[in-house]
Structures are given as C-alpha cells and as structure tokens.
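Notes follow the structure.
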Protein chains: 2
Amino acid sequence: MTKKFLLNESEIPEKWYNIVADMPHKPLPLLHPGTKQPLHPEDLYPIFAEEVARQELNQTDQWIDIPEEVRDKYKIYRPSPLVRAYNLEKALDTPAHIYFKNESVSPVGSHKLNSALAQAYYCKKEGLTHITTETGAGQWGTALSFAAKVFGLELAVYMVKVSYEQKPYRRSLMQTWGAQVIASPSMSTKAGRKILTDSPTYQGSLGTAISEAIELAMSMPNCKYTLGSVLNHVSLHQTVIGLEAEKQMALAGEYPDIVIGCFGGGSNFSGISYPFMRHNIAGGKKTRFIAAEPSSCPKLTRGIFQYDFGDEAGYTPLLPMFTLGHNFAPAHIHAGGLRYHGAGTIISQLMKDRMIEAVDIQQLDSFKYGLLFARTEGIVPAPESAHAIAAAVNEALKAKEEGASKVILFNLSGHGLIDMSAYDSYLAGDLTNYDLSDEDIAKNVNQLEKIV
Amino acid sequence: MTKKFLLNESEIPEKWYNIVADMPHKPLPLLHPGTKQPLHPEDLYPIFAEEVARQELNQTDQWIDIPEEVRDKYKIYRPSPLVRAYNLEKALDTPAHIYFKNESVSPVGSHKLNSALAQAYYCKKEGLTHITTETGAGQWGTALSFAAKVFGLELAVYMVKVSYEQKPYRRSLMQTWGAQVIASPSMSTKAGRKILTDSPTYQGSLGTAISEAIELAMSMPNCKYTLGSVLNHVSLHQTVIGLEAEKQMALAGEYPDIVIGCFGGGSNFSGISYPFMRHNIAGGKKTRFIAAEPSSCPKLTRGIFQYDFGDEAGYTPLLPMFTLGHNFAPAHIHAGGLRYHGAGTIISQLMKDRMIEAVDIQQLDSFKYGLLFARTEGIVPAPESAHAIAAAVNEALKAKEEGASKVILFNLSGHGLIDMSAYDSYLAGDLTNYDLSDEDIAKNVNQLEKIV
C-alpha cells in the first residue's frame, strides 16, 4: 500500500489560485481607517510591497504567476508529501480514509514559508533593504527569517511576549537565520509603550505585535511590513498547498469529502481549501470545508461579522471580518498561532455564504489527538495543527458511527518539535480547557459597534 | 534545475547490504569477555534479539532481506530526498558539486530510525515485551521510542546526563512517544552506582549509559538490549541510506568522488558509504570515503587499534577497534552523538586497510559551517551532522583551489531543531574548541594493553 503521494519539482504549481475572482459574492471592501472609503492599492503602498498590495485587492485574475525566483526557492522543500494516515485510521478503527498534506517538511517546520518567500522576494525586487513583521507562535517569524536571509534582507520580528518566553527555541531559530527578535509589547514603539503603561504585565497578542511591526516599518526608509496570515495575498500564496494536494489526491484515486485546516488568521486553512472549493463553486463537487479554531478564541463560531481593525492599536485598514474585537485578549493556550481576534475578509465572506463550516476545539482535545497522531503517524504536530487533527478525528469517528466511508483531508500545517514544552505540560497534566462566557465575548464585541 | 532527487516508495531497498561478505580482509572476531574466545551468535542471545545477533556475526551473505513489516514502516519517511546544495555551492564559489542525503526528514529527525524500526521489530517478533537502550545526544533514544511505540514494546532509555540537561526537548520527545527516560549515571544499576560513588559529579558518557542499559535488560525477563551504533547489524540496517543515494545519484547523472559522514559510532557513515564502497571493492570505482569525527574525540585519527570493550563497565564483548580507551571521558561538546570512545569493527578494519580516511573537525568549525548551511540550504543541521558539513566544505574549498570539479556527497544525518540551545551558545560566543594532548590520549590508551 502506498503511504505517501509525491510529486516532482516540475509539478510545483506555476500559478497561485485567487479565489476572489470566482466568489459568487465578493468580500466587502477594505476601508481606509481615516476616510472610511474603500482602499486602493496605492493606499497600501506605504505599508506593503507594491506587488503584494495589488494582489491584496485583485478581484479579477483567477490565476497569478508565481515568480520563477520564488518557485526556485520552493524547491528547497516543495512539493510537500500527501500522506495516507493508515496507522491513525487503524487506531480509530474508522472506515474513513484520512489523508494529510505534510507542510511540516519545510525547513522552518511549517507552511508559513510559502508566503514568506513570496513576500521577501517582492520586497527585495522593489529595492527595500529592511522588513518587519510580528509572530505569535513563532512559525511565521522563523519562516520570514529564513526567507529574508535567502533574499538578502534585514528583518526585525516582534514576537508575542508569552511565546517569546514559552518558546525560546523559536527565538534561537530566528536568530540562527540572522533576524533581530524583540518581545512584544516592547518599549521600542509608541504602540508598545502605550500598552505597557496601561497594563505593565500584559503578555502580548498578535494584534499588539502587528501594531509595533507596522509602526517600525513606517518609521524607516526602505523598510516595509509583512504579514503572515489574515490578508488575501497571504492566502493566495498558500494555495500551492491545495493545488499540489489536488494532484496528489488524484494520484491516490480519491477526492476529499471533507477538507480541514486549523484556523488562526486563516492562511493554512485557505491554502488547503480554496483550490478544492473552486470545484464546489463551479458546481461539480460538494466538499465540506471545516475550519478548526480553538475554543478560547472562537471568532468564526462565536464572533460577529463587522468592520474591525487587524491590529490592537488600529493602524491597519478596516476589514470586514468575523471578529471578537481587536482588543480581545485570548487565553495563553500553547497554540499561539491561533490566538488572533479575527478572520480574513475572504473567509469571513465564505462563512457568511455558508460555503465553509467552523468548529471549536478545546485545548485538551487538541493535545489528546495530537499525541495520538504522534504515536501513530510519527510526526509530533504543532499545537496549532493538532486542532486540525482533532477535527479530522471527530469526523472520522462520526463516519464510523454512521458506517460511512468518507475521504477526509487535513493540512498538517507544521510540526511541534520546537513546542515540546507544551507536550511536557500536557503529559504532566498541567494544561486546562478554556471556556468563554457570552459576557466575555459581548464585552469586546460591543465596543466595535462604534467603529464604523 | 532540479534540486531534489526523489524515489517512489516502491524503490525503498528490499535488502540491506552486508559489506562484510565483500571485504578483502574480514574484521577480527568479537571475543567473549570471560573466555577471550571468538563469539558465536548464541553468546549474544542473552543481550540482543536472536536475529540481530545472527546479523551481527554474518560474514557470508552479501544481501539480507528487509522484513516487509519494517519496509512498510520505512514508508513513513523513506525514501529520503537526495538534494543538490546549489545555494551552498554558490556561497562557497566552488566548482564542486555538493549533494546531501537528507535523513533529517524522518519524524524523529535523524537516520537512527532506520535501525530502530528493524531492532524493535525483531524484538517484538521474538516475543519480548520490554527493551532498553542508551542515548547520547538523544537521536537514537527518540528513534527507538517511536519504533517501540510502533511495534508495541515498553522502552527504558538511559540518557547521558550532560545531554539530559542540555537537551530537555529530547527527553520530552521520548516521553511523548511513551518511553521512560533515566539520566545516566543513575542509581538504578550497579554500574551507575559505582560511577556515582567514584565520581559523584560525573556527567555521563555513552559507555556508562550502555552499561546501565545492558544491566537492566539482563535483570528482566522478556527484555533485551538494543544499540544505536557501533555494531555491525546497526551499520547493516543503515545501508538503506547509501542504497537509495546510489539510485538518486544516477538520477542526477553523477557519481560521487567523495562520500562523507560524521563519525560517532559509525552508523550513519557506514550507511552512506558501504553501498558505494562495494563498487570500489569490485574494482570499478575509486571513491574516497571520509569519516568526520570531532577533535575532542578522535579515535580514528589519534586512537589505537586494539581489543576494547564497547562500554564503560566492561559488559560487552571485546571488540577489535580503533579506540581511545573505554573509560575515555570526552569533552562536553554539543555533538553528543559523536562522544564515543571507539569505532565499530568493520570501520576499524577498513581504516587499517586504508579503504577509508578520517578527519577531525573542531567544534567552532562545525558550528561555523553548520550555520552557513542553515543560512543557504535552510535546514538547521544537528551538531553531529555539522561535522560532515564542515568536512564537505573543506573538500569543496580544496576543489576550488585546485580548480577541480569534484562530486561530493555527504549524509545530513539529522536536523538540529532540538539542539537550538547549542546554536544559542555558538551565536553568543560561548563555545570553544578542545585540544587533546598526546598525554591525554596515551593515559587511557595505555591502560588497554592489559585487557587482551
């Protein structure tokens, strides 16, 4: 029995898939935070590389060329394997066929390099010398550190303080690739100083780190900001995952009934889903798409659809999104990459249009099934990816109850080798679930009404 | 340009290559530590799985079948990629073509799983319920932890104390896969207690950990011991590396002039080398084989050829080997897997017969070139593997000086994602080289004369 379905380097996609061109209802426009008017690419040029800004607002081109220089660097780790999880199936005694796309094989350990290489390339091509970013769990920061080194850029990373302390190896890894890493909130920016003044023991959030990274980029010449999730261009770059998986499922002679990704800002979920979703949109397929978010940060399952900021300080454009409020402070779960208050505009529109589903996963379930995956398939999953595993297991067990032979595909967005302290805590019984009350959620969400 | 040369699962070797059958001079026999008579497989049955004991002393069969159950588990990560290191070549501005076999893609992060799966399988097949082992850097221990889980065995791992403390994530990883991990020297064995009494602050060595693991295995029913390097059967299992690499070099349209592996006990060096060496023996090729050992533990470059024990306490058979003496206590370099006093019997004979070469690499050079590799090829190498990289870089720079277009192949035995504290120390300038005086070496070696 074949376990891994592999492609050759020549089969690395030559174009990214831009789902917006195919969407029955386009996402609402991004708004300028000052004028509240729809944004044009030029409005984003001060923050983002110009090509990236154009991609962000491109609603017409279904396919966008991957630059040869980026595709060449993709060869370091792509195509990634599609794997049939026979051993997990056996442990669950399920009739379901479970496949996973193994993005953990990238040298940085996650899918994040797919967009990091693209963004670093566009920044270099534009003549920039420095870039900035934020990182939560550290997956994006490590990816961009390597990508910046590849294309010869200097990089400053604002790392959410709780992760900076929980994950010292992530910091080391970024430094190994030559990046400067600053714990956020920091004293180095106005946004950081304000938060430290208001709340001196604040452990940080992605929203705050984004504010700091944007502020630094705006204050330097030849320097722009890059973002690892949420935005359309990031999802665009991640579609290489699903485009490869589509070819690989064909090699396996199957097509997924269910596609699953964990959900933080949406980049890996989008990447695995959109290429398959285009066949739903075209009418041929009825695949279900499930976003697995943590119970402690449930924007899709319990948030509201509303214009909101992407960051804590309100530097970003206003985004039409499912959100818990841009100053929502999630519990310190180990899946740091899923601790983000909002969902991207495409995902939010697809959610409104019931083209995707969302489930929330408790922290203990994510580790329970993450451990089962490690002990059956060998790979220790990132705590984030363990949410996708838990959702896949739940569907596989449902299939068993129903006696239905479902084909389930999930994205293993990254490995957890640098998150072993999280597994230590789980094995020691030190972790808990987090339950948010309706009041907790309403408190933040109610403030939003005033924004637009 | 193709960067990675991939094989299908159907091309995973069906047999291991047993170089002993082809050697012009066979290794001297292993001797019983009591009688000093040549060992028979039965003498090893109390310690090792019987099939493994037979493989250890097999001098006649050139090819040995890989059990289908083992080959099936190899599919989790094999065939591993062969990679052309274009970016490293460019950074060195060398005319040499540099290839590496990427064994870091195994879920445990190193080549060690190749033998761990085989040994766990044979133990299970024999009806054992428990196994024991030692681990230095933790690569072998993690591999065996997963392999034991795969085949349903309980495992106790004695981990060299300095690594236990330097590498807490390795311990976590073993526990994640369900193993029991004990810092060595420990109070749990006679061998451990003796050393702790003589030298209470002793930080451990592979030799001591081996003694403890053997002692535990001998004291339990249904329990045997497994070893991750040094012995012939381990090298045998590792030949899947070179057998795959041989096919992949053919895909690349080249054949190596030089094959390089880092050298601790010899398992990864043997694995990449022997399949190519058979063409040297047959007379068709003149490839050079270079073992890269640390300057702080230079058994091949500065040890003597002599019968010696494989462990500190003298529980193992007497092995004809290049050795620094079985109670040699190497400096605490971060490449814990290379801190072993001796070389296997096959390697030692090949060294005597000048069929291989050895070089010693200083710790700072290993990190200097390990970092260069990380920043060019993306993969952070294990400190052990960085020794192979340093040796490959030296050869590539020599080729540049000579204007010679050499084809260099090295084995990337593992990644360093769980060794990031070592890179932290290097980047902080906290690491040093270690120089052994002739007296340091003579002191241990002179004691050996009395053994046989």
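The values are calculated or read from the model by the stated rules, or taken from the named source; none is laboratory data. Given the structure is predicted, the values throughout are model-derived calculations rather than measurements. Ideal geometry is used to build each Cβ from the backbone, glycine not excepted, and the neighbour counts take in all protein chains shown. Quick note on the areas: whole protein, heavy atoms, side chains included, nothing else; ligands and nucleic acids left out. Shrake-Rupley method; radii C 1.70, N 1.55, O 1.52, S 1.80 Å.
Quick one, could you list the DSSP H helices from chain B stretching 15 Å or more along their long axis (Cα atoms) with average Kyte-Doolittle hydropathy of 1.0 or above?
Details: long enough: B:113-125 (17 Å, -0.21); B:139-151 (18 Å, 0.68); B:206-218 (18 Å, 1.15); B:232-252 (30 Å, 0.09); B:267-282 (22 Å, -0.13); B:363-377 (20 Å, -0.22); B:383-402 (29 Å, -0.29); B:438-448 (16 Å, -0.96).
Length and hydropathy pass: B:206-218.
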Inset, instruction - Could you work out how far the C-alpha centroid of the stretch B:146-163 sits from that of the stretch A:124-164, in angstrom? - result: 37 Å
Legend entry - the stretch B:241-306 and the stretch B:1-45: distance between their alpha carbon centers, rounded to Å: 14 Å
Inset, instruction - Please list the radius of gyration and Dmax for the stretch A:113-227, considering alpha-carbon atoms only, with Å as the unit. - result: 13.2, 40
Inset, instruction - Could I get the Rg over Rh figure for chain B? Both from C-alpha atoms, Rh via Kirkwood, rounded to two places. - result: 0.94
Legend entry - Shielding by partners - mean other protein chain Cβ count within 10 Å, residues of B:70-82: 3
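Taking N as the number of residues in the stretch B:197-281, what value does Rg over Cα atoms divided by 2.2 N^0.38 Å take? Before the final figure, lay out each step's value.
On the way: Rg = 18.1 Å, N = 85, 2.2 N^0.38 = 11.9 Å.
Taking the Cα Rg and dividing by 2.2 N^0.38 Å, one obtains 1.52.
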Inset, instruction - Using label points projected 7 Å from each Cα along Cα→Cβ, tell me how many nm separate B:SER437 and B:ALA404, to one decimal. - result: 3.7 nm
Inset, instruction - Would you kindly work out, in nm and rounded to one decimal, the distances from the label point of B:ASP438 to those of the same position in each other copy, ordered shortest first, with label points 7 Å along Cα-to-Cβ? - result: 8.7
Legend entry - ³J(HN,Hα) computed for each position of the stretch A:54-60 - Karplus, 6.51 cos²θ - 1.76 cosθ + 1.60, integer Hz, glycine/proline x: 5, 4, 4, 9, 6, 10, 10
Inset, instruction - Compute the relative contact order of the stretch A:113-227 as a whole-number percentage, counting only Cα pairs closer than 8 Å that sit 6 or more residues apart in sequence. - result: 31 percent
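Just reorder A:THR376, A:THR201, B:THR142 by solvent-accessible area, largest first, 1.4 Å probe, all chains present. Mind showing how you got there, number by number?
On the way: A:THR376 20, A:THR201 115, B:THR142 0 Å².
Heavy-atom accessible area, descending, gives A:THR201, A:THR376, B:THR142.
Within chain B, what whole-number % of the accessible surface is contributed by carbon and sulfur, with the 1.4 Å probe and all protein chains included in the calculation?
On the way: 7250 of 14510 Å².
Reported share for carbon and sulfur atoms: 50 percent.
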Inset, instruction - Heads up, I need the accessible area for A:VAL83: 1.4 angstrom probe, whole protein in place, Å², nearest 10. - result: 10 Å²
Inset, instruction - May I ask you to list the aspartates and glutamates whose Cα is less than 16 Å away from that of B:LYS224, ignoring any residue fewer than eight positions away on the same chain? - result: B:GLU42, B:ASP43, B:GLU50, B:GLU51, B:GLU56, B:GLU126, B:GLU134, B:GLU154, B:GLU212, B:GLU215
Inset, instruction - Report P(r) for the stretch A:27-163: all Cα-Cα distances, bin width 5 Å, range 0 to the bin holding the largest distance, values in whole percent. - result: 2, 9, 14, 15, 16, 16, 12, 7, 5, 3, 1, 0
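Taking only the C-alpha atoms, wrap a convex hull around the stretch B:371-452 and report its volume per residue in Å³ as a whole number. Intermediate results must be reported in sequence, preceding the final value.
On the way: hull volume 16.2 nm³, N = 82.
Looking at the stretch B:371-452, the number lands at 197 Å³ per residue.
Would you work out the relative contact order for chain B, in percent, from Cα pairs under 8 angstrom that are 6 or more residues apart?
Working: 1023 pairs, mean separation 86.5, N = 452.
Taking the mean separation of contacting Cα pairs over the length of chain B, I get 19 percent.
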Legend entry - Hits among lysines - C-alpha to C-alpha of A:LYS194 under 16 Å, sequence gap 8 or more where chains match: A:LYS161
Legend entry - Label-point separation, A:LEU364 to B:ARG354 (7 Å along Cα→Cβ), nm: 6.9 nm
Legend entry - Mean ellipticity per residue at 222 nm, deg cm²/dmol - from DSSP H runs of n ≥ 4 across chain A, formula -39500 (n - 2.57): -12500 deg cm²/dmol
Inset, instruction - Note the buried accessible area between B and A here, summed over both chains, with a 1.4 Å probe, in Å² to the nearest 100. - result: 3600 Å²
Inset, instruction - Express the accessible area of chain B per residue in Å², computed with a 1.4 Å probe while the remaining protein chains stay in the model. - result: 32 Å²
Inset, instruction - Give, ordered by residue number, each residue of the stretch B:148-168 whose 1.4 Å probe accessible area is reduced by a minimum of 30 Å² on adding the remaining protein chains to the chain alone. - result: B:LYS149
Legend entry - Chain A, rotation onto B, residue closest to that axis via Cβ, with its distance in Å: A:LEU417, 2
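Find the percent of Cα-Cα distances in the stretch B:1-76 that exceed 14 Å, and round it to a whole number. Before the final figure, lay out each step's value.
Details: 2040 of 2850 pairs.
When all Cα pairs of the stretch B:1-76 are counted, 72 percent exceed 14 Å.
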Legend entry - R0 of 41 Å, Cβ-Cβ distance A:LYS15-B:LYS125: FRET efficiency to nearest 0.05: 0.25
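Can you check what the Kirkwood hydrodynamic radius comes to for the stretch B:281-425, Cα pairs only, in Å to one decimal? Please list the in-between numbers first.
On the way: mean 1/r = 0.0610 Å⁻¹.
Evaluated over the stretch B:281-425, this radius sits at 16.4 Å.
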Legend entry - Calculated label separations, B:GLY127, copies of the chain, 7 Å along the beta-carbon direction, nm: 7.9
Inset, instruction - Apply 1/(1 + (r/R0)^6) to the Cβ-Cβ distance of A:LYS26 and A:GLN447, taking R0 = 35 Å, and write down the FRET efficiency to the nearest 0.05. - result: 0.80
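Take every residue in peptide B:422-432, count the Cβ atoms of other chains within 10 Å of its Cβ, and give the average of those counts. Let's see the in-between values first.
Details: counts 1, 5, 7, 1, 1, 4, 1, 0, 0, 0, 0.
The mean count of partner-chain Cβ atoms within 10 Å per residue comes to 2.
Let me check something: with ligands and nucleic acids excluded, how do B:LEU412, A:LEU397 order by accessible area (1.4 Å probe), largest to smallest? Intermediate values should be presented prior to the final figure.
On the way: B:LEU412 0, A:LEU397 60 Å².
Largest to smallest exposure gives the sequence A:LEU397, B:LEU412.
Find the Cα radius of gyration of the protein assembly as shown, compare it with 2.2 N^0.38 Å by division, and give the number to two decimals.
On the way: Rg = 27.6 Å, N = 904, 2.2 N^0.38 = 29.2 Å.
Working it through for the protein assembly as shown, the quotient is 0.94.
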Inset, instruction - Measure up A:LYS149/B:LYS368; A:LYS112/A:LYS406; A:LYS73/B:LYS400; B:LYS15/B:LYS247; A:LYS112/B:LYS73; A:LYS299/A:LYS352 against 18 Å on the Cα-Cα distance and list the ones that go over. - result: A:LYS112/A:LYS406; A:LYS73/B:LYS400; A:LYS112/B:LYS73
Inset, instruction - Quick one: which residues, 5+ away or cross-chain, put their amide H under 5 Å from the amide H of B:MET159? H built at 1.01 Å from N. - result: B:THR135, B:ILE182, B:ALA183, B:SER184
Inset, instruction - Determine, from the Cβ-Cβ distance of A:TYR45 and A:GLN180 and an R0 of 25 Å, the FRET efficiency 1/(1 + (r/R0)^6), rounded to the nearest 0.05. - result: 0.55
Inset, instruction - In nm to one decimal, list the spacings between the A:PRO221 label point and its equivalents in the other copies, with label points set 7 Å along Cα to Cβ, shortest first. - result: 8.2
Legend entry - Local net charge near A:SER186, Cβ-Cβ under 9 Å (Lys/Arg +1, Asp/Glu -1): +1
Inset, instruction - Heavy atoms only, probe 1.4 angstrom, no DNA, RNA or ligands counted: give me A:LYS4, A:LYS352 ranked by accessible area, highest first. - result: A:LYS352, A:LYS4
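May I ask what percent, to the nearest 5, of DSSP beta bridges between residues of the protein assembly as shown are antiparallel?
Numbers: 38 of 104 bridges.
Around 35 percent of the beta bridges assigned by DSSP in the protein assembly as shown are antiparallel ones.
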